[in-house]
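Below is one structure; the comments refer to it alone.
The values are calculated or read from the model by the stated rules, or taken from the named source; none is laboratory data. Note that the structure is predicted; figures quoted are calculated from it, not measured. Virtual Cβ from ideal backbone geometry, glycine too; neighbours counted across all protein chains shown.
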Amino acid sequence: MRHPRRSGASCLGTLGPRAARRIRVVSARALPLALASTFSACLASQAQAAVDAPHFYGGPRVVEGGLLWWGASGVSLSTASGTRLLVPGSEWSMPLVEDGWTVVARPMRLEVGRIGRRLTAVPALRRCRPGSREGWFDAMARGELYTIVRAGCLGRRPEHAPFLVRVQLSTGALHAIARVPSGAISLAAAGQRLALTYAIGNDPEGRVRVEVLDSGNAKLLYTVAAPRHDKRRESYDETQIDAAGDVLVTSTYVLPPSSSAFGWWGNASTSTGRLLGANTSVVASLADGRIAYATGTGGVEHIDVLNLATGKTQTVVTFPGSARVRGIGMGKTRLAWAQQSYGYTSPTTGGHVCVSRMPVGPTELLETPLVASGGPIVVDGASVAPAGARLCPEV
């Protein structure tokens, strides 16, 4: 693979090929001391060397100490010292990782443990059942785990009513917050805000609304409803929220013969959400008042970052070659993405000559600091010969 480059600048080359292979970190302070001083001066102009993510399913997420991603073996954390498997098993979705804790939602229970250590059922919730037909919800902020349980396990009535609770992970103490409306399909948390997502009843487009609550008392602060669009039936994916109360909702919609991503955002000043942008190709990531998302212009894919306060958009990474984006994650100061290079099969001759697209090598994870100036990083990907024939129809 060719390392990504910043247009008009290059930096990894100053470390030499051996050093470049060793750079698999989230921040310069995690680097070996011999490399940190050299590399920190380069952070503003160059993405870090790639980390292989074989059999990649989803991610990455920028978390404490590394990049979290989901593969065939389970959920892994990539750091300066390499990649380790945090949660074995490919049947589970992405866990929560924050403040030194890992939380995993299983079908019948929530499990918690220190990062890299054994996970056990949350003691305070052992007598509780999930308060939603969707199963267990989990959200974490400031060392506290939030979920919804049936009121009966708290000694409240009616027994099956959904009740919002929080668990202080350092002590295990359970605090009952308040009853919430039934029918929620997800729960997210950041700072002192919670986001409960609900389907809009009988909506032909499959739209949802997000209710933003105060995490201390479950008081409703405001509601943001999905914008209307062009009658595509959505399949809800995820709601994200930041500490300021900005929310991002991502979905997929099917428009035969393919499916595409769809996203919108909102906050206290927008009762109806705003569309993320045209030609969005993958799920997006929200952090600290900014949204990173992949889109395309003139056949070239790129990752843009939208500043919600100013409305300005900056292109951070472009993909003019064989590489394509498979996932995006963002923290307060860093942008990470998963990329996959694609090539083409030999032409077939079954009536019409055509080629099929196929992956070349493993999925790779990369990241870069978010800076206000400088040209975008250019990612070529693996060297791949052109198709030489039209693409075969997707089955």
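Somewhere in region 290-308, is a residue outside any strand (DSSP E or B), among the charged types (D, E, K, R) and without any contact (Cβ under 8 Å) to a residue 60 or more places away in the chain?
There is no residue in region 290-308 that is outside any strand (DSSP E or B), among the charged types (D, E, K, R) and without any contact (Cβ under 8 Å) to a residue 60 or more places away in the chain.
Mind counting the residues in region 51-83 that are farther than 25 Å from Ala190 by Cα and in a loop (DSSP other than H, G, I, E, B)?
Count: 6.
Would you be able to say whether some residue in region 85-105 is under 19 Å from Thr171 (Cα atoms), surrounded by fewer than 21 Cβ atoms within 10 Å (Cβ to Cβ) and over 21 Å from the mean Cα position of the chain (by Cα)?
No - not one qualifying residue is present in region 85-105.
Can you tell me which residue in region 209-230 is nearest to Pro162 (Cα to Cα), limited to those that are charged (D, E, K, R) and not in a loop (DSSP other than H, G, I, E, B)?
Filtering first and then ranking leaves Glu211.
Among the numbered conditions (1) part of a strand (DSSP E or B); (2) within 23 Å of Leu67 (Cβ to Cβ); (3) of a type outside the set (Phe, Trp, Tyr), tell me where Gly343 comes up short.
(2)
Need at least 3 residues that are closer than 23 Å to Asp214 by Cβ per element, so show me which strands (runs of 3 or more DSSP E) inside region 107-170 make the cut, counting only ones lying wholly within it.
139-141, 144-150, 162-168
Mind checking whether some residue in region 84-96 is of a type outside the set (Ser, Thr, Tyr), more than 21 Å from Ala336 (Cβ to Cβ), in contact with a helix residue (DSSP H, G or I) (Cβ under 8 Å, 6 or more places away or on another chain) and not in a loop (DSSP other than H, G, I, E, B)?
The answer is no; no qualifying residue exists.
Condition test on Leu154, is it over 25 Å from Ala53 (Cα atoms) and surrounded by 19 or more Cβ atoms within 10 Å (Cβ to Cβ)?
It is false that Leu154 is over 25 Å from Ala53 (Cα atoms) and surrounded by 19 or more Cβ atoms within 10 Å (Cβ to Cβ).
Could you please give the count of residues in region 372-395 that are at pLDDT below 80 and either in contact with a helix residue (DSSP H, G or I) (Cβ under 9 Å, 6 or more places away or on another chain) or not in a strand (DSSP E or B) (or both)?
15
Residues that are under 22 Å from the mean Cα position of the chain (by Cα) and without any contact (Cβ under 8 Å) to a residue 24 or more places away in the chain: does region 119-126 have at least one? Explain how you work it out, then say what you get.
Quick first cut of region 119-126, residues under 22 Å from the mean Cα position of the chain (by Cα) only: none.
Checked against the condition, which is being under 22 Å from the mean Cα position of the chain (by Cα) and without any contact (Cβ under 8 Å) to a residue 24 or more places away in the chain, region 119-126 yields no hits at all.
Just to check your reading of the model, which residue among Gly277, Gly245 is at pLDDT below 95 and part of a loop (DSSP other than H, G, I, E, B)?
Working: Gly245 fails: at pLDDT below 95.
That would be Gly277, the only listed residue that is at pLDDT below 95 and part of a loop (DSSP other than H, G, I, E, B).
Taking the criterion of being within 25 Å of Val75 (Cα to Cα) and either more than 25 Å from the chain's Cα centre (by Cα) or of a type in the set (D, E, K, R) (or both), would at least one residue in region 148-156 satisfy it?
No.
Per-residue answers, yes or no, for (1) hydroxyl-bearing (Ser, Thr, Tyr); (2) more than 21 Å from His55 (Cα to Cα):
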{"residue": "Thr313", "(1), (2)": "yes, yes"}
{"residue": "Gly329", "(1), (2)": "no, no"}
{"residue": "Ala338", "(1), (2)": "no, no"}
{"residue": "Ser356", "(1), (2)": "yes, no"}
{"residue": "Leu366", "(1), (2)": "no, no"}
{"residue": "Pro376", "(1), (2)": "no, yes"}
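Only one of (1) crowded, with 21+ Cβ neighbours inside 10 Å; (2) among the charged types (D, E, K, R); (3) closer than 30 Å to Arg126 by Cβ is not met by Asp214, so which one is it?
The failed condition is (1).
Name the residues in region 186-208 that are without any contact (Cβ under 8 Å) to a residue 40 or more places away in the chain and either not in a loop (DSSP other than H, G, I, E, B) or not aliphatic (A, V, I, L, M) (or both), would you?
If the condition is that a residue be without any contact (Cβ under 8 Å) to a residue 40 or more places away in the chain and either not in a loop (DSSP other than H, G, I, E, B) or not aliphatic (A, V, I, L, M) (or both), then Leu196, Tyr198, Ala199, Gly201, Asn202, Asp203, Pro204, Glu205, Arg207 are the ones that fit.
Yes or no: region 42-62 includes at least one residue that is over 24 Å from Val371 (Cα atoms), of a type in the set (Ser, Thr, Tyr), in contact with a Lys or Arg (Cβ under 8 Å, 6 or more places away or on another chain) and at pLDDT 90 or above. Steps first, answer last, please.
Keep residues of region 42-62 that are over 24 Å from Val371 (Cα atoms), which gives 52-58.
Those still in the list that are of a type in the set (Ser, Thr, Tyr) too: 57.
Restricting the remaining residues to those that are in contact with a Lys or Arg (Cβ under 8 Å, 6 or more places away or on another chain) gives none.
Checking region 42-62: not a single residue is over 24 Å from Val371 (Cα atoms), of a type in the set (Ser, Thr, Tyr), in contact with a Lys or Arg (Cβ under 8 Å, 6 or more places away or on another chain) and at pLDDT 90 or above.
Would you be able to say whether some residue in region 357-366 is in a loop (DSSP other than H, G, I, E, B), touching a Phe, Trp or Tyr at 6+ places or on another chain (Cβ under 9 Å), in contact (Cβ under 8 Å) with a residue 60 or more places away in the chain and farther than 24 Å from Val212 by Cα?
No - not one qualifying residue is present in region 357-366.
Out of Ile177, Ile148, I need the residue that is surrounded by 22 or more Cβ atoms within 10 Å (Cβ to Cβ) and over 27 Å from Thr368 (Cα atoms). Which one?
Step by step, each of Ile177, Ile148 is checked, and only Ile148 is surrounded by 22 or more Cβ atoms within 10 Å (Cβ to Cβ) and over 27 Å from Thr368 (Cα atoms).
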